[in-house]
C-alpha cells in the first residue's frame with residue numbers, strides 16, 4: 001500500500017492526474033479484500049492489483065472513462081460463473097469499487113498524499129475521509145481530508161462536527177462507508193496497523209522482520225550487539241536500536257495496544273529479562289520463543305518475583321502457530337501468522 005500512496009504523491013506533485021480504484025466492500029469469494037487499491041495512469045499502466053483477470057480489466061475500462069469525464073464512479077461487480085472461473089475462484093462474489101479521479105490541479109490532493117507518505121511510518125493512527133458523490137457519475141468533486149487525532153486535518157475543509165463524528169467511527173483495518181450529517185464518506189485507515197518489536201537480532205529475527213514488513217507491519221529491531229543489529233542484516237526494518245543491555249530494553253518505547261512484542265534473544269536469561277518488562281506494558285501481543293520446558297522455567301522464575309498467572313496468560317509461548325516449523329524461515333511464517341491472527345482479533349475482524 002505504501003508503494004501506491006508514494007506513487008500517488010509523486011505523480012500528483014509532478015503535475016500528472018491519476019485514477020485510484022479502491023475496493024470499498026465485498027461479499028462471497030473474491031480475490032482481494034476491502035481497502036485494496038490500484039493506481040492507474042492515463043497510458044493504462046498501473047501500480048497494485050485488485051485481483052487480476054476480468055475484474056481488473058473492467059476496472060481499467062472504468063478508469064479510462066473516469067479520465068475522460070473527470071468524474072468518479074462507484075461500480076458494483078458480480079463475479080459468477082465464467083467470471084469466477086477466469087480468476088481461479090471456486091465460486092462467485094460481489095464487490096463495490098470506487099474509481100476516483102485525482103486531479104493534479106487541486107492542491108488538496110497533493111497535500112493529502114504527501115502527508116500520507118510522511119505519516120505512514122509515524123505509528124500515529126490516521127484516517128483518510130473522502131466525501132462520496134451523491135450520485136455515481138456526478139460532477140460533484142469528492143472532498144478528501146486526512147484526519148489525525150489531536151492534529152489539524154490536511155486537505156479540504158470539513159465542518160468541525162463532521163470531523164469529530166468521522167474520528168469517532170472507530171479505528172478499524174478496513175474501509176467503512178459512513179453517513180454523516182447528510183453526506184456520505186468513505187473512511188479508510190492509512191497508517192501502518194501495528195508495530196512489531198523484535199528483541200534479538202538473530203536468524204529468526206531476520207526472517208520475521210522481512211515477512212512482517214511484507215504484511216504491512218512497522219518493524220523495530222533491538223539487540224545489544226551492533227554487529228548483529230545493523231542495516232546490512234536488516235534492510236527491511238523501519239528502525240534498528242542498539243541497546244546498552246536488555247535490562248532497559250523497553251525504556252522509552254511507545255508500546256501500545258497496537259504493539260507486538262516478539263522475544264527471540266540469544267539466551268534464556270535475556271528472554272526472561274525482556275519478558276518481565278513486556279508484562280508491564282499494554283502491548284496487544286507478547287510472544288516468546290523456546291520449548292515448553294524453557295517457557296516453564298522462565299515462568300517459574302517470574303512467579304518467584306511476584307508475577308501472577310493472569311499476567312503470564314497474556315504470553316504466546318512457545319511462540320507462533322503450531323505448524324511443525326523447524327527452519328528460521330518456517331518459524332518466521334508461524335510467528336507472523338500468529339501476529340496476523342491476533343491483529344485481526346484486536347481490530348474486530
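The values are calculated or read from the model by the stated rules, or taken from the named source; none is laboratory data. Bear in mind that the values here come from a model prediction, so they are computed numbers and not experimental data. Cβ sites come from the backbone with ideal geometry, for glycine too, and all protein chains shown count toward neighbours.
Couple of notes before you dig in:
- Restricting 247, 326, 330 to residues that are loosely packed, with under 12 Cβ neighbours inside 10 Å, over 22 Å from the mean Cα position of the chain (by Cα) and either free of Cβ contacts under 8 Å to residues at least 12 places away in the same chain or more than 21 Å from residue 210 (Cβ to Cβ) (or both) narrows the list to 326.
- Checked against the criterion of being within 21 Å of the chain's Cα centre (by Cα) and either within 21 Å of residue 185 (Cα to Cα) or modelled with pLDDT under 95 (or both), segment 51-72 contains one or more residues that satisfy it.
- Some residue of segment 207-225 being at pLDDT below 90, surrounded by fewer than 17 Cβ atoms within 10 Å (Cβ to Cβ) and not in a loop (DSSP other than H, G, I, E, B): yes
- If you go through segment 95-114 and keep only what is surrounded by 20 or more Cβ atoms within 10 Å (Cβ to Cβ) and modelled with pLDDT of 90 or more, you end up with 97, 98, 99, 100, 101, 102, 109, 110, 112, 113.
- When we screen 193, 179, 153, 175 for residues that are modelled with pLDDT under 95, out of contact with any helix residue (DSSP H, G or I) (no Cβ under 8 Å at 6 or more places or on another chain), at negative phi and surrounded by 16 or more Cβ atoms within 10 Å (Cβ to Cβ), the only hit is 175.
- Condition broken by residue 316, with the remaining ones in (1) in contact (Cβ under 8 Å) with a residue 60 or more places away in the chain; (2) closer than 25 Å to residue 189 by Cβ satisfied: (1)
- Filter result (under 18 Å from residue 204 (Cα atoms) and free of Cβ contacts under 8 Å to residues at least 40 places away in the same chain) within segment 273-286: 286
- Verdict on residue 293 being assigned by TED's automatic domain parsing to the domain that holds residue 311, part of a loop (DSSP other than H, G, I, E, B) and either out of contact with any strand residue (DSSP E or B) (no Cβ under 8 Å at 6 or more places or on another chain) or within 15 Å of residue 336 (Cα to Cα) (or both): no
- When restricted to residues that are part of a loop (DSSP other than H, G, I, E, B) and over 11 Å from residue 222 (Cα atoms), segment 254-280 contains 9.
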